[in-house]
Amino acid sequence: AEGGDITGEAFGPHDPDAGCACRKPALGMWDELRGRHGLTPETCLIIGDKAGDLEFGYAAGFALSALVLTGEGPKTATRLGVEPPPADVSCLETVDKTGRPLLLARDLAAVAQWLLPRLAAPLPPFS
């Protein structure tokens, strides 16, 4: 409805303990997608509910790593030392306990609402 296109997908089919390069936070999946679609990290983001998702985004140098507070998100937020946004806020630009930038969002829809107005320009890094 907003004009976006899904041009591909990727997933790591192996067991998390297999040590495969295609499993996040390893960058094998990123290397494949970057090559196939000509992606640059400065124009990419990761949205996830697990620390491995965020580590993947940080390691790849993505413009944004977003943690959603669904699924494993609340436990991940606690481990990262970040507090959920106030009840009247759906997204919060914050930093984790190591000082890395993080978008903390109630759910995927909140990330989309935060992101869509910003798509007219490259994602600015937040400090």
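The values are calculated or read from the model by the stated rules, or taken from the named source; none is laboratory data. All of these numbers come straight from a predicted model, not from anything done at the bench. Reconstructed Cβ throughout: ideal geometry from the backbone, glycine too, with neighbour counts over all protein chains shown. Only protein heavy atoms, including side chains, enter the accessible area calculation; ligands, DNA and RNA are left aside. Shrake-Rupley method; radii C 1.70, N 1.55, O 1.52, S 1.80 Å.
In table form, for the structure just shown:
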item: Check on Leu69, surrounded by fewer than 18 Cβ atoms within 10 Å (Cβ to Cβ) and either without any contact (Cβ under 8 Å) to a residue 40 or more places away in the chain or of a type outside the set (Gly, Ala, Ser) (or both); result: no
item: Unmet criterion (only one of (1) open to solvent by less than 50 Å² (accessible area, probe 1.4 Å); (2) more than 23 Å from Ala112 (Cα to Cα); (3) modelled with pLDDT of 90 or more) for Cys22; result: (3)
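Yes/no per residue for (1) surrounded by 12 or more Cβ atoms within 10 Å (Cβ to Cβ); (2) aliphatic (A, V, I, L, M):
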| residue | (1), (2) |
| --- | --- |
| Ile47 | yes, yes |
| Pro74 | yes, no |
| Thr78 | no, no |
| Gly81 | no, no |
| Thr94 | yes, no |
| Leu104 | yes, yes |
